[in-house]
Every structure is written in structure tokens, then in C-alpha cells.
């Protein structure tokens, strides 16, 4: 939102010149604009400035450069501008800009858990007939479902990435710990690390800020619980069940006894406490490693002390982690539908997805997964993804995120609230959002 | 009114129009219209900027308007359903109480501190006054988001300077979260809001105090009035009209406070327990896509504003008539 004013000015100027171009080209073509270019009426002008919204620092710079260069090479006369958005508050920003014909970006990245709501609301263009060209059955199946509504696909997969555990090898050695193989061993290791490192006082055996519901749901699933389930078109919250509560209790123990993170903090920028030497273990997306290795933002001197493993479940297999990631969609209100489709095609191309894979992101096309490599990060990524789960496939799920119901729940859990009572409240609040 | 100039020059009789009555001056009706014509641009701007959203909002409050409608689906008319659902929701009444309490505490604190600073400014030497005024101006000129971000950092539970300082002084504030407890959350919010609004009150009241003649104050002093009596019986009555306007503005501003709360909620705290009407309307509308409900809550808030400010407006109008 930094430059919204200049941008809207520029946009309206661009709009005027585009309109002028359209009028001119229509006048020049006269009535015999039958075949040939075609689709100008609904596909948009032949050249334009395409605006692409990418969120956070997830997409590596090399991929951004590739997208811009390729697009401008393939579409002479057109330009592509990448506008980086914050993940925080994205639902709000999409709600307001996507509905405006003059302000809407042409292509947007949207969290995989948020895609269904916007697909159902009619915010995106139907991409079903391009699905085969973009990868078809090769695309991450759960993500295609997340971007589909009533049999049509509106948002295609962009990348995926389950979180895995980063740990400090030196601190493990000092405490005489081995890499945990079950959830119980993991919880014990977190407690041991915390005891073993009394200084600094905010040291975390396992760094677990209160708002971090995306990591917390893993423990609910691992204990056999669910977030919410559908029965006959109506959703009901499942956090009150005995299994879910067992998981929530485990979260409370970890947050209260093993974590020194803020009880109401959020999970953005985990590299800051990590680089400050305040973290023994943390569960973070793979690209955080890039931030740690970065000389300016991170602490390359700690990089060779980092080990990673997929969070173990109670049965010794990888625990069910929330499969994070993004979808990519074309805004229905964009006047440049054809050019926007071109940009999406590049983002799902071999070249682009290879760059994502090389940077630790699970590519949108399953056949490219080998490109992740075979170092410890790739092994952990693949192991974590093998048992990954998605948030409930409810059209209203983005509203649950918008209302910050789960953030509130886990902040209160971190603060020592009564688990049973809080689970009941959260279930009621979710049902209100999902069934309205 | 100064815009309507009446020509005082002697009226020169016009030559008689053939077959008509003598026309001595322009028709009265046209001249009477001038003030209204001059008001048209301002009224048009108001109608466009305030009238349209208001009409749209009232219309929205009678509709079931969700995310689908935002992207073009037809909206269903639901009559008073939104109002019924809202008034039956106990959360709304919690919010009303919370919002009004927050507003009154903040407006009260801002007025008291602002008045105190305005009085202090009177007795400062020129150079000190300039320094204080510059500091006030800087606080006033700081963009809200930047200001709240700085306050957030100051009160950060992990790396904040406030916790560091209190721990240094012997308190147990290591990792203490200032936002997790609603009362303490509103304490921080109050600090931010009051800090940002005091300069306006201080400047306005300082200007008003300059209008109170010095000899009246001196006369009171000679008559033996103490500092408190001079304030109560001379200075305050002298700036009463300004004080009323400032209080009115402050109440309206603090009632619809949004940015500070919304930004702080992102940094910590429990959203549901720290919502005020402003953030609730935004969240239910923009975040949850329930635009009908949000519009209804906004209408409710408008009514609340009118109720809270009506006594002031009535008083101001009465005093204007009397003077």
C-alpha cells in the first residue's frame, strides 16, 4: 500500500491510454476484424502492463527476474510488474482490490487455504480449459481441489511446502540428544533443551509463538483429531473431541514449558530469534534456510550448525503437517485476460518451476519434485510432504482465517487458558463462519 | 455572509423600457439566490463524499451481501434481519460498552493533558515554548502506522525497550507481553491514541487562551484569586466555546478509533477480546465478507455517535444563539 496513490494515478493514466488504444485499433480495423487476433473484446488488448501480486519473500528473486524477462520477451510491447504483498491482511486486500475493475491486479498469488473462498465467490477467471496445458494430472492434486469450485478450476497450484524442524546440532550434542523419532521424544527433547540453556531467559527448546496455529494443528491431527468436518452440507468444529483436546494439551505444554517465544507473537521472521541464539528447534518453511544463510538478513556463521528433520508423529512416521503453499489465479475483473494467462503459463513452466525447486519449494508439478535435490533439506521436505494435510475444504475457510479464530485460540492456550473451554468456543466460532 | 455585497452607490434610474414598468434594480429574487448558488459546490462535494456512501450503507444493511455479491452476484433483500441478528448478539453490547468506555477515557485524558500543556505553554519562556511546540508538532505530524509501529517495538515482549528497562530496574518483565491481557492491551492503545491527539488539543487551547485578555487575568490576581480560581472562573469560561468544540471532536475521533487497534492486534493480543466497534465492522465486512452485517453495525455506530455527541451539539447551538 506504500505507493497506492501514485499507483492509482499511474493506473488511471494507463487505463486512459489503453482505452485510447482500444478505440484507435477498433477504428482502424473497421468491420473486418473477424478472425486473426480475435477475442479482443474479452481477451483484452494485445499489449499492456501486467501486474502480478506475489506474497512475502517466498518467491526467490531469480524466479521473479525469469518471469519478467520471459514474459516481456514472449509478448513484445507488454511489460510485467511484480508487486510484493504481505501475507498478513492478504484476504482483506484481495476482497477490496479484486472487485474493482480499475484497481485489480491481473494475476494474484493466494494462500492454498484461502483459494477456495475466492474461487466460490467468483473472484477468479475459469482456467479449466487451460488446465491440461498447464500440467493437467501432473499438478499437485490437493492444490487443484483447493482452487476448484463446482467442477471448475479457478486457481492453479503455484508451489507447496510443508514445514520441517530446524535444530541446532551443537546444542543437541551438548545436551546429549539424538534426533527424535517419535512425538514424545520430540516433546522431551524440547523440554531438555530449554532446561539445558537457562540463558538467555527467552531461549526456546522449541520456538512456538502463540499465534502460530499452522504448526499447532499438526499436534491436533497427530493425536487423531480434526479441525472441522462436513456432514450433509453443514460444518461442525471438531476441536472439542477428546483426540483434538489431547493434541491441544500437547501444544499448551510445549508453548508454556519449552518455548520462550512471545505468547501472543506471530510466526513471521523466525530467523530473528534463531540468529540471536535463542532457539534450539523451530518448525519453519524450507525457504527460511535461505534467510539464515543471507549475510545481511541472517547469520551465515550459524548455517553449518543447522540440522533438519521432518517432525515425527506418534507412530514414528512423519507427523501430519499442514501443507502450506500457494495457488495462482487470474482476476476476473482484469481487462487483460489473455496476457494474464500467458503470465500464469510462464509461472508453471519447467524453467520457472525449476528455480522454485532449486530454492527448496516443492514445485507445482509432481514430475519436477526430483529437482529438489537430495541434501538434508530436500529429504526433510519430501518426508514432511509425504503425510501433509490441508485445512478443511470449506468455501468459507478464508473467513475463519479472516476472523483470526485459530490465532485467538492458540494465544489463549499459550497463556494458560482452559483447553476444553477454549476448544468449545473456537468450535462455535468456526461453525458460525463456515455455515453462514 | 461577507460574500454578499450590497451596492451602496446611488441608484441611477434606468431609462424606461418601452411599454413596461420602470426597472430600478435587479429583481430581488435573483439576489436572494446568490448565497444558495455559492453553496452548491460545497453541498455537491458533501453529497458525493458523504451522501452516497451513507445511502449505499443503509441499502447494504437491508441486504444479505457477502463475498459473492462483492463479485457481482445479485443481493437478496432481507429487510430487518441484519438488525435483528445484530441486536440479539451479546457480543455487540460488549463491544458498545468497550468502545464507549475506551472513547470516554481517551477523550478525557487527552483533554486534561492537552489543557495542562496549553496552560504550561503560557508560562514558558520563548525558547522553551518553541522547543515544546516543535516536539508536539512532530508527534502530531507522524503518520499513524509509523507511530504505532514504533510503540509496538517499544512494548515488544521479546526485544522491547520497556521490558528491558523495567527488568533493569528490578521488575520481572523478561518476556512480559503487554498485549495479551485486554486491559493492558487497552493501556498501550490509550498511550498511543492520547500521545497522538494531545498536540491538537494543546495547540487549539493554547490559541484560545491567547484570546483571553491578560488584564482580566491580572485583575483577578490583584483581587486575590489563586491559580485554581483564575483557571476556573476566568480562563476556562474564556475558552469555553473552543473547549466544547475540541471535546466534541475528540469524542467523535476516539469513538471511531481504528488504525491503532487494528495494527496492535496484528502484533499480539486476542483479537476477539480487543475488538472495538471500528475494528469489528472492518473485520466482519472486509475480512469475513459479511458486508450486510458490517453495514448494519456501522449504522448502529452512527446512531451511537449521534447519541453521545448530541448534548454537546445542543449546548453549542444554544450558546451560539445566546451570544
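Exposure proxy ranking for A:64, A:404, based on other Cβ atoms within 10 angstrom of each Cβ and starting from the fewest, stands as A:64, A:404.
Relative intensity of chain B on a log10 scale, I(q)/I(0) at q = 0.09, 0.12 Å⁻¹, equals -0.71, -1.05, per a Debye sum over C-alpha point scatterers of equal strength in the absence of solvent.
One compactness figure for segment B:161-263 is 1.57, namely its Cα radius of gyration divided by 2.2 N^0.38 Å.
Annotation: peptides A:384-392, A:85-93, A:212-220, B:311-319, ranked by per-residue average of other Cβ atoms within 10 Å with the highest first, follow the order A:212-220, A:384-392, A:85-93, B:311-319.
Rounded to the nearest 500, the helix-only mean residue ellipticity at 222 nm of chain B stands at -22000 deg cm²/dmol, with each DSSP H run of n ≥ 4 adding -39,500 (n - 2.57). Relative to the longest principal axis of the Cα atoms of chain A, the long axis of helix A:4-29 makes an angle of roughly 30 degrees. Scoring B:134-145, A:277-288, B:245-256 by mean Cβ neighbours within 10 Å over their residues and listing the highest first yields A:277-288, B:245-256, B:134-145.
Measuring spread by the Cα atoms of segment A:329-375 yields a radius of gyration and Dmax of 13.3, 44 Å. If you wrap the protein assembly as shown in the convex hull of its Cα atoms and look at it from every side, the mean projected area works out to 48.5 nm². When Rg and the Kirkwood radius Rh are both evaluated on Cα atoms of chain A, their ratio Rg/Rh stands at 1.01. Each peptide in A:265-271, B:263-269 receives the mean, over its residues, of other Cβ atoms within 10 Å, and ordering these scores from highest gives B:263-269, A:265-271. Neighbour counts of C-beta atoms inside 10 Å place A:150, A:425 in the sequence A:150, A:425, starting with the fewest. Put the Cα centre of segment A:272-296 next to the Cα centre of segment B:86-161 and the gap is 36 Å. Peptide A:405-413 shows a mean partner chain C-beta count of 3 within 10 Å per residue C-beta. Please state the shape class of segment A:282-343: rounded when a/c is under 1.5, otherwise prolate if a/b exceeds b/c and oblate if not, all from the C-alpha gyration tensor. Here segment A:282-343 falls in the oblate category. With a ≥ b ≥ c taken as the square roots of the eigenvalues of the C-alpha gyration tensor of segment B:76-137, please select rounded if a/c is under 1.5 and otherwise prolate if a/b is larger than b/c or oblate if it is not? The shape class here is prolate. Pairs of Cα atoms in segment B:128-180 fall into 10 Å distance bins, from 0 up to the last occupied one, in shares of 24, 32, 29, 15 percent. The ellipsoid that matches the Cα gyration tensor of segment B:155-206 has semi-axes, each √(5λ) in whole angstrom, of 28, 13, 8, with the longest given first. When only alpha carbons are used to place a centre, segment B:214-248 and segment B:253-305 end up 40 Å from one another.
The mean sequence distance of close C-alpha pairs (under 8 Å, at least 6 residues apart), as a share of the length of segment A:45-179, puts its relative contact order at 21 percent. Summed over qualifying helices (DSSP H, 4 residues or more, each -39500 (n - 2.57)) and divided by its residue number, chain A shows a 222 nm mean residue ellipticity of -12500 deg cm²/dmol. The ranking of A:154, A:66 from fewest to most other beta carbons within 10 Å of each one's beta carbon is A:66, A:154.
Shape class for segment B:267-308, computed from the alpha carbon gyration tensor (a ≥ b ≥ c): oblate, with a/c not under 1.5 and a/b at or below b/c. Relative contact order for segment A:349-436: 21 percent, from Cα pairs under 8 Å spaced at least 6 residues apart, divided by residue count.
Looking at the protein assembly as shown, the DSSP beta bridges with both ends there are about 70 percent antiparallel. Pull up the DSSP beta bridges for chain A and report the antiparallel fraction as a percent, rounded to 5. Of those bridges, close to 70 percent are antiparallel.
Applying 1/(1 + (r/R0)^6) with r as the Cβ-Cβ distance of residue B:218 and residue B:315 and R0 = 35 angstrom yields a FRET efficiency of 0.70. The mean number of Cβ atoms from other chains found within 10 Å of a Cβ in peptide A:121-130 is 2, as a whole number. If a spin label sat at a point 7 angstrom from the Cα of residue B:94 along the line to its beta carbon, the backbone N atoms of segment B:181-210 nearer than 18 Å would be those of B:181-187. Taken along its three principal axes, the alpha carbon spread of segment A:113-227 comes to 58, 28, 26 Å, from the longest extent down to the shortest.
Distance from the alpha carbon centroid of segment A:109-137 to that of segment A:153-204 works out to 34 angstrom.
Fully extending the segment from residue B:132 to residue B:46 would add 27.3 nm, taking 0.36 nm per residue of separation and subtracting the current Cα-Cα distance. Would you work out the relative contact order for segment B:78-322, in percent, from Cα pairs under 8 angstrom that are 6 or more residues apart? Reported relative contact order: 27 percent.
Inter-chain Cβ neighbour count for B:260-272, averaged per residue, equals 5 (cutoff 10 Å, partner chain atoms only).
The numbers here are math on the coordinates, done by the rules we state, and not lab data. What you see is a predicted model; the values in this text were computed from it and never measured. Every residue, glycine among them, receives a Cβ derived from its backbone with ideal geometry; neighbour counts consider all protein chains shown.
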